[in-house]
Amino acid sequence: ADAEKLPRSVSQEAHRMVEHVHREQAAEIVVVGSANLDTTAHVPRLPAPGETVLGGDTGESVGGKGANQAVAAARLGRSVAMVGRVGDDPAGRRIREALTTQGVQVDQLGSTAGSGSGAALIVVDESGENMIVVAPGANSTLTAAHVRAAQELLARAGAVVCQLEIPEEAVVEAVRLAGGRVILNPSPVRSVPPEVMARVDVLIVNRSELGAIAGAPEPRTVDDAAALAAGVGGPGAVVVTLGADGALLVDGNTRVHVPAVRVPTVVDPTGAGDTFCGALTDALVRGEALDGAVRWAVRAAALAVTGAGAQSAMPTAAQLATA
Ligand code: ATP
């Protein structure tokens with residue numbers, strides 16, 4: 001009623017601001033993680049230590065596990081917001097623009113003055129095998145306070161997704177403030193506080209991460225992986241990605257192995273793991289059961305390995321439906 005007494009233009013402006021706040025404060029999925037500008041070089045074979053290998057053209061693209069997983073879920077139709085930090089530099093502006101174009105909300109992807117954006121140097125050989133160096137830059141300036149600024153988003157989202165390319169205090173805070181499911185992809189692998197693990201609903205690891213977390217050699221067979229995953233204390237369920245062997249779900253006494261979708265040629269496996277995480281979260285937020293979500297993620301990741309680049313090869317829901 002009060003608004004009616006205001007001049008029309010003011011009430012319209014107030015209305016617009018309220019809508020803006022609503023839009024900013026709601027997302028089905030919130031990814032708290034890294035965003036980088038990646039440089040990729042294609043080479044005939046990976047260099048040995050001390051060796052120089054001549055490669056083909058280089059290309060730049062937006063990456064970082066956080067940004068990749070956010071884009072993977074957004075492509076599949078979810079509303080996604082990202083919490084993180086970029087540098088106060090041209091790379092940071094490019095990252096924010098590219099994510100916005102992909103439909104990812106970047107209001108909580110702040111820029112840190114005096115810091116360069118995160119960068120990754122990626123080398124991919126003809127067989128699709130890769131080597132990656134990540135320089136975290138501004139990603140390492142993400143604090144618990146930055147995460148708290150996104151408290152509303154975190155509390156309301158159906159799922160909060162984290163990886164470990166950001167400081168531990170940010171992960172701890174994100175998990176603490178998450179109102180919905182918590183998905184953790186502990187990559188690059190390091191120890192995680194027990195209170196974080198205890199709050200994780202789905203832990204997504206590849207073979208080497210599973211070995212490191214279990215304090216055992218990298219599992220070679222599906223059975224080895226299942227035995228190790230069953231012994232990981234804390235998370236509600238463990239999903240192990242097994243490259244060309246698909247993925248494994250270990251949820252209490254339930255164990256489901258989903259074979260990989262056979263693909264004609266592996267063009268570039270970069271980002272397959274991130275596509276998997278984004279797609280699994282998409283399915284969970286849509287209300288699918290965990291085994292169905294793993295099947296969906298295996299299908300999405302198969303499409304990702306058949307295209308060049310990480311984000312550029314991520315499927316849309318329509319592509320996945322007809323694949
Ligand atoms: P990356 O770090 O390269 O993104 P990752 O090590 O995190 O990958 P992987 O286990 O290699 O993860 O792959 C993730 C998922 O991608 C697998 O669970 C599988 O479903 C799919 N995938 C990987 N390689 C292939 C392949 N050759 N053919 C079909 N699907 C594949």
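In the set (1) free of Cβ contacts under 8 Å to residues at least 40 places away in the same chain; (2) surrounded by 24 or more Cβ atoms within 10 Å (Cβ to Cβ), the condition left unmet by residue 242 is number (2). For region 114-139, filtering for residues that are outside any loop (DSSP other than H, G, I, E, B), buried (at least 17 other Cβ atoms within 10 Å of the Cβ) and more than 16 Å from the ligand (Cβ to nearest atom) leaves 5.
Within region 304-313, track down each residue that is near the ligand (Cβ under 9 Å from one of its atoms) and assigned to a helix (DSSP H, G or I). Within region 304-313, 304, 305 meet the criteria. Within region 176-191, being over 16 Å from residue 81 (Cβ atoms) and of a type in the set (A, V, I, L, M, F, W, C) holds for 184, 189. Of the residues that sit in region 252-274 and are outside any loop (DSSP other than H, G, I, E, B) and more than 7 Å from the ligand (Cβ to nearest atom), which one is nearest to residue 79 (Cα to Cα)? Among those residues, the one meeting the criterion is 258. Just one of the listed residues (249, 280) is without any contact (Cβ under 8 Å) to a residue 60 or more places away in the chain, within 13 Å of the ligand (Cβ to nearest atom) and either touching a strand residue (DSSP E or B) at 6+ places or on another chain (Cβ under 6 Å) or within 18 Å of residue 72 (Cβ to Cβ) (or both), namely 249. Taken over region 300-319, the criterion of being at pLDDT 90 or above, surrounded by fewer than 19 Cβ atoms within 10 Å (Cβ to Cβ) and not polar (S, T, N, Q) is satisfied by 317, 318.
For first residues located in region 109-138 and closer than 14 Å to residue 63 by Cβ, partners that are at pLDDT below 90 and charged (D, E, K, R) and lie 6+ apart or on another chain with Cβ distances below 7 Å form the pairs 124/268. Taking residue 293 as the residue in question, decide whether it is in contact with a helix residue (DSSP H, G or I) (Cβ under 9 Å, 6 or more places away or on another chain), aliphatic (A, V, I, L, M) and either within 14 Å of the ligand (Cβ to nearest atom) or not in a helix (DSSP H, G or I) (or both). Yes; evaluated as a whole, the condition is true for this residue. Just one of the listed residues (195, 173) is among the acidic types (Asp, Glu) and surrounded by fewer than 23 Cβ atoms within 10 Å (Cβ to Cβ), and it is 195. Consider residue 184 carefully, then state whether it is under 20 Å from residue 254 (Cα atoms), in contact with a helix residue (DSSP H, G or I) (Cβ under 9 Å, 6 or more places away or on another chain), assigned to a helix (DSSP H, G or I) and not hydroxyl-bearing (Ser, Thr, Tyr). No: the conditions fail for residue 184. Restricting attention to region 215-246, the residues that are assigned to a loop (DSSP other than H, G, I, E, B) and either closer than 16 Å to residue 298 by Cβ or within 13 Å of the ligand (Cβ to nearest atom) (or both) add up to 4. Within region 176-192, the set of residues being more than 13 Å from the chain's Cα centre (by Cα), closer than 24 Å to residue 286 by Cα and crowded, with 18+ Cβ neighbours inside 10 Å comprises 177, 178, 180, 181.
The values are calculated or read from the model by the stated rules, or taken from the named source; none is laboratory data. Small disclaimer: the values here were computed from a predicted structure and weren't measured. Cβ sites come from the backbone with ideal geometry, for glycine too, and all protein chains shown count toward neighbours.
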